[in-house]
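Enquirer: Encoded as structure tokens, here's the structure I'll be asking about.
Read the figures in this text as sums done on the coordinates, not as results from a lab. Predicted model only: the values in this text are computed from it and were never measured. Please note: Cβ atoms are built from the backbone with ideal geometry, for glycine as well, and neighbour counts cover all protein chains shown.
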Amino acid sequence: MTFTTRFAPSPTGPLHLGHAYSAMLAHDMARGQGGRFLMRIDDLDQSRARAEWEDLILDDLRWLGLTWDGPVRRQSDHFDAYQRAIDSLAQATGAVYPCCCKRRDIEAAASAPQEGVPRFGPDGLIYPGTCRARPYADRTPTDALRYNLAATVGPPSRMPAFTETGPAHAGDHEVTAEHLLTQVGDPILARANMAASYNFAVVIDDAETAITHVIRGEDLYEATYLQRFLQWELGLSPPVYHHHRLIRDAAGKRLAKRDDARAIRTYRAEGATPDDIRRMVGLPPQG
Ligand code: GLU
């Protein structure tokens, strides 16, 4: 299978040093393997995505010397596919249910957690299951859709694993029922008024584009357990994962979209070259 990876920014702000590192690392790894590097725009959240940011991000990536294979894929072109995948999962498992709980409802229901049980998962507070009994067909536009883990997770012999090659967690990792139930909680498959959640859409996108290696920041490592479980439930084969270190500012803080000082366009305006950017994040100059 051809080594295939992707860079998948959300068009909600400028490309900053942390994104650029992620893109260049994935690009270098793909080219080093004679593989494919794909570009995807994660614009699920149409209330925040802007075409201007997308244009600027792509322009900065071209300036950095990156080339991608095939056309740019946009999540907003695949809302129907996400919806169909959720429908079939609901039919096959009976475990998808509408959920009307707002954050404050979940906080109230989860305010007395068992000792030692973490309360936060990739979707925020571990969901206490309030809406689990609601039938799928009852969804209203203001409901989210969740997946009933208690009804679907199995014993270790029937649970998936994934391979990680990044520096912090290299090795094979099992996705256990216990991990999902205590650290993830019933995942959101689609938010209210949205076709899919980030975790669900990414699983479909990576499978549809035959991604063999997901290369992305360490901040998404924990979400990998959930994404691998969703692949398993959908019968999709998993990529290999590589979570890289995060680029931090001088004070050790993670870079945020609003850190305009670390935006690639700011460095460009100040006269930096693409190799200067590569040096700043510890990558070798372009060959
Ligand atoms: N769109 C996500 C982000 O901006 C990345 C998705 C992924 O790499 O899985 O962080």
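Enquirer: Determine the distance separating the Cα centre of the range 123-153 from the Cα centre of the range 1-17; give it in Å without decimals.
Expert: Computed from Cα coordinates, the inter-centre distance equals 30 Å.
Enquirer: What FRET efficiency would be calculated for the residue pair Arg48, Glu174, taking the C-beta separation as r and a Förster radius of 41 Å, to the nearest 0.05?
Expert: Values: r = 35 Å, r/R0 = 0.85.
After rounding, the FRET efficiency stands at 0.75.
Enquirer: Just checking the chain: which Cys have no other cysteine's beta-carbon under 4.7 Å?
Expert: Cys100, Cys101
Enquirer: Let me ask another. Starting from the 7 Å offset along Cα-to-Cβ, what nm value, one decimal, do you get for the label separation of Asp260 and Thr2?
Expert: 4.1
Enquirer: In debye, nearest 20, what is the charge dipole magnitude of the chain about its Cα centre with +1 on Lys and Arg Cβ and -1 on Asp and Glu Cβ, if you could check? Numbers along the way, then the final one.
Expert: Working: 33 positive and 37 negative charges, 55 e Å.
Using Cβ point charges on Lys, Arg, Asp and Glu, the chain gives about 260 debye.
Enquirer: Report the calculated FRET efficiency for Arg245 and Thr12 (r = Cβ-Cβ distance, R0 = 22 Å), to the nearest 0.05. Write down the numbers at each step before the final one.
Expert: Numbers: r = 23 Å, r/R0 = 1.03.
That pair, Arg245 with Thr12, gives E of 0.45.
Enquirer: OK, next. Roughly how tilted is helix 221-234, in degrees to the nearest 10 and between 0 and 90, from the longest Cα axis of the chain?
Expert: So the helix axis and the longest Cα principal axis differ by about 60 degrees.
Enquirer: Please give, to one decimal in nm, the separation of the simple spin-label points placed at Asp77 and Ala137, each 7 Å out from Cα toward the Cβ.
Expert: 3.6
Enquirer: Helix 17-32 against the longest principal axis of the chain: what's the angle in degrees, Cα atoms only, rounded to the nearest 10?
Expert: 80
Enquirer: May I ask you to compute the full-extension gain from Leu234 to Arg158, defined as 0.36 nm times their residue separation minus their alpha-carbon distance, rounded to one decimal in nm? Intermediate values should be presented prior to the final figure.
Expert: Numbers: separation 76, 0.36 × 76 = 27.36 nm, distance 1.39 nm.
Value of the extension gain: 26.0 nm.
Enquirer: Same structure again: Can you give me the Cα centroid spacing of the range 18-55 and the range 266-285 in angstrom?
Expert: What the calculation gives is 18 Å, centre to centre.
Enquirer: Further, regarding this structure: Using Cα pairs closer than 8 Å and at least 6 residues apart in sequence, work out the relative contact order for the chain, in percent.
Expert: Details: 461 pairs, mean separation 66.9, N = 287.
23 percent.
Enquirer: Starting from the Cα-Cα distance between Phe120 and Glu107, subtract it from 0.36 nm times their residue separation and give me the gain in nm to one decimal.
Expert: Values: separation 13, 0.36 × 13 = 4.68 nm, distance 1.08 nm.
My answer for the length gained is 3.6 nm.
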